[in-house]
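*Asks:* Please see the structure below; I have some questions.
The values are calculated or read from the model by the stated rules, or taken from the named source; none is laboratory data. Since the structure is predicted, the reported quantities are computational estimates derived from the model, not experimental observations. With ideal geometry, Cβ positions are generated from the backbone for all residues, glycine too; neighbour counts draw on all protein chains shown.
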Ligand SMILES: Cc1cc2nc3c(=O)[nH]c(=O)nc-3n(C[C@H](O)[C@H](O)[C@H](O)COP(=O)(O)OP(=O)(O)OC[C@H]3O[C@@H](n4cnc5c(N)ncnc54)[C@H](O)[C@@H]3O)c2cc1C
């Protein structure tokens, strides 16, 4: 057996889906791994919390990927036995027009559903979904078995064309435009800024197979912790790196931590916000232009969230209802003048006492200016804003589902400030807009043995954060090790 001290030592920072995936993979490949988490508890946005014994998810309500990369990733991480998909439906409700779309499953079926609604636009709708399929087909990272040589396709026109420009080119306007692009609320970058590739990489997974994991983030987190323990990952909570120490040949091999300790490592993987990474890099490694570019990256929206239970007299199915109170997705995602999108997710859970309950979680997009409007923290102005947000969310819920009125008990609410506290340092739901990798800013960090992973690197969402770790893991450990592990976990 290799001596523990002779194994390469990897430092992983941040214990959300991105950091946990990386830590387990590196340990599987035989590395010594230390995982640092700044808050007292691991899990990041996979974490759940309880009110009156009822469990709620913070940042993992639904996902794409069960029809492609997710089962492969779960199998390779050794946690497929715990993570089960459950039937899930999705709808779109546009309050300005009163229109409701109950989406069928699958891209073709969705295209057909929209074409029946907008028969004169059938060709445009088909062109839109064809482009979505083409982008998916030309994004090999969704298949863990794809050849390494195909992983870095050269930039395409869709890397530079915005979603708005693409929709203009197809001549799509009005309600149809909003219905087609509504998945932008699941990555948070406004269509006026978002590249076609970035949007389609996320929206295809939801259009082709939107799904819910039974019990949300819990099985993933349980699985990660089990495998981390099995493979000897050292997890330290309540500790964060404070700064990188020294730069030798453009590498930095040591960090000083908030508890005064230092950690030496061969390479580091940072599943945290890009602006937080910037603060950790040895100052001598960060050139002014790089600092400006990273600090200038705008944030995606944040969320006000309401958590409640529905009366047992209602029989609800697991469903996402996306309610948009404006047809203008740019205004919604920039948090302009009360334009908002609210996602309402219903699910069935078990209380701590084993009782079956029907939960409702509703999250409303908000610009992060809201968080900056509370410089004194949770003062009276903040409480008033939060109460107003709760009322707006309830109004939206009852507009979309009048049958819930009088049958919903609110158990908790949260705001971007809450998220900022448990996932420091920002309150943005999906990290930076567009993702730094899409802007070619994250190809390599100024300290060459440091790597940026997590939701702001390439693709946001839990699936995206996991995928980025797989991609980088492959690059770092090399093809031979990657293929050996892949074959041993998934079969040759
Ligand atoms: C309300 C809400 C709903 C969402 N719904 C969904 C959904 O339904 N489906 C979906 O796929 N995605 C959803 N998302 C997005 C999804 O949760 C994220 O994209 C994903 O979980 C990000 O994973 P991550 O590992 O990059 O980061 P995180 O989960 O944010 O983890 C980062 C971790 O790093 C820690 N950390 C931060 N700074 C430091 C530091 N300096 N040192 C050490 N540790 C540090 C944090 O405390 C945290 O634990 C939602 C997000 C929100 C806010």
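Residue-wise test of (1) in contact with a helix residue (DSSP H, G or I) (Cβ under 9 Å, 6 or more places away or on another chain); (2) surrounded by fewer than 20 Cβ atoms within 10 Å (Cβ to Cβ).
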position	(1), (2)
204	yes, no
207	yes, no
213	yes, no
222	no, yes
242	yes, yes
246	yes, yes
257	no, yes
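*Asks:* Kindly evaluate residue 443 against the criterion of being over 29 Å from residue 374 (Cβ atoms), at pLDDT 95 or above and not in a helix (DSSP H, G or I).
*Replies:* The answer is no for residue 443.
*Asks:* Sticking with this one: Does residue 228 satisfy being under 21 Å from residue 163 (Cα atoms), surrounded by 19 or more Cβ atoms within 10 Å (Cβ to Cβ) and not assigned by TED's automatic domain parsing to the domain that holds residue 422?
*Replies:* The answer is no for residue 228.
*Asks:* Counting only residues that are more than 29 Å from residue 387 (Cα to Cα), give me the helices (runs of 4 or more DSSP H) lying completely in the stretch 230-338 with at least 3 of them.
*Replies:* Correct list: 274-280, 288-295.
*Asks:* Follow-up. Looking at the structure I just gave you, is residue 56 in a loop (DSSP other than H, G, I, E, B) and either in contact (Cβ under 8 Å) with a residue 12 or more places away in the chain or within 10 Å of the ligand (Cβ to nearest atom) (or both)?
*Replies:* no
*Asks:* Check residue 153 against each of (1) under 30 Å from residue 71 (Cβ atoms); (2) part of a helix (DSSP H, G or I) and name the one condition it does not meet.
*Replies:* Against the list (1) under 30 Å from residue 71 (Cβ atoms); (2) part of a helix (DSSP H, G or I), residue 153 comes up short only on (2).
*Asks:* Now, a different point. Output the qualifying pairs, or none if there are none: Cβ atoms under 6 angstrom, residues six or more apart or on different chains, first residue in the stretch 474-492 and in a helix (DSSP H, G or I), second residue modelled with pLDDT under 95 and surrounded by fewer than 18 Cβ atoms within 10 Å (Cβ to Cβ).
*Replies:* Hits for this filter: 479/148.
*Asks:* If residue 63 meets every condition in (1) closer than 26 Å to residue 348 by Cβ; (2) within 9 Å of the ligand (Cβ to nearest atom); (3) more than 17 Å from the chain's Cα centre (by Cα) apart from one, which number is that one?
*Replies:* With respect to (1) closer than 26 Å to residue 348 by Cβ; (2) within 9 Å of the ligand (Cβ to nearest atom); (3) more than 17 Å from the chain's Cα centre (by Cα), residue 63 is out only on (3).
*Asks:* Okay, next question. So residue 79 ticks every box in (1) touching a strand residue (DSSP E or B) at 6+ places or on another chain (Cβ under 9 Å); (2) touching a residue at least 40 places away in the same chain (Cβ under 8 Å) but one. Which box is left unticked?
*Replies:* In the conditions (1) touching a strand residue (DSSP E or B) at 6+ places or on another chain (Cβ under 9 Å); (2) touching a residue at least 40 places away in the same chain (Cβ under 8 Å), residue 79 misses (1) alone.
*Asks:* Could we say that residue 199 is in contact (Cβ under 8 Å) with a residue 60 or more places away in the chain, within 16 Å of the ligand (Cβ to nearest atom) and crowded, with 22+ Cβ neighbours inside 10 Å here?
*Replies:* Answer is no for this residue.
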